[in-house]
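These notes are about the structure you will find just below.
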Amino acid sequence: MKPSRSILGFTLISLLLTVVFVNTDAAAQHGFSVPQYEQFHDVLHPLEHVALPNKDYKQIREKAEELVKLGKAIVAVGVPAGTKDEQKDEFAKELKKFDKALAKFSSDAKKKSDVKLKTSYSAVHDSFEMLAGMLPRG
């Protein structure tokens with residue numbers, strides 16, 4: 001006896017949805033011990049790995065305000081609880097660099113120069129990576 005097309009179709013759709021939801025959940029969790037870093041990274045990641053390589057500066061500009069807002073939330077957190085005493089000063093310095101990089105990026109996103117936008121976006125990305133690397137493991 002052959003299975004009907006509708007049963008086969010339903011099974012395939014169910015399998016596809018299961019794969020999509022499992023992958024979406026896995027991609028959303030990057031293991032940051034501070035939720036604001038997770039939220040920032042959710043916006044940063046597609047810009048870094050899709051928009052920037054494709055020179056889609058329009059997309060980066062469209063997400064700039066949201067990225068800066070989420071970045072300011074990171075700055076507002078300050079040095080996270082659980083940071084080792086010997087790292088607190090370095091973490092605070094990197095937060096200041098990150099805050100300045102956000103301000104420059106915000107300004108450049110409103111202008112026409114793609115070269116300056118790329119440079120200031122990369123500074124935000126690199127500073128975030130430094131901060132993320134210093135986060136306490138939770």
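What follows is calculated from the coordinates using simple rules that are stated; it is not laboratory data. Values in this document were obtained by computation on a predicted structure and should not be read as measured data. Please note: Cβ atoms are built from the backbone with ideal geometry, for glycine as well, and neighbour counts cover all protein chains shown.
At least 2 residues being touching a Ser or Thr at 6+ places or on another chain (Cβ under 9 Å) is the threshold, and among the helices (runs of 4 or more DSSP H) wholly inside the range 22-127 those reaching it are 57-77, 85-109. Just give me the residues in the range 62-96 being surrounded by fewer than 12 Cβ atoms within 10 Å (Cβ to Cβ) and within 19 Å of residue 35 (Cβ to Cβ), in sequence order. Once the filter is applied, which keeps residues that are surrounded by fewer than 12 Cβ atoms within 10 Å (Cβ to Cβ) and within 19 Å of residue 35 (Cβ to Cβ), the range 62-96 yields 76, 81, 82. Scanning the range 97-131 for residues that are surrounded by fewer than 19 Cβ atoms within 10 Å (Cβ to Cβ) and of a type outside the set (Asp, Glu) yields a count of 18.
Among residues belonging to the range 106-138 that are under 13 Å from the mean Cα position of the chain (by Cα) and small (Gly, Ala, Ser), point out the one that is farthest from residue 57 (Cα to Cα). For the range 106-138, the residue satisfying everything is 132.
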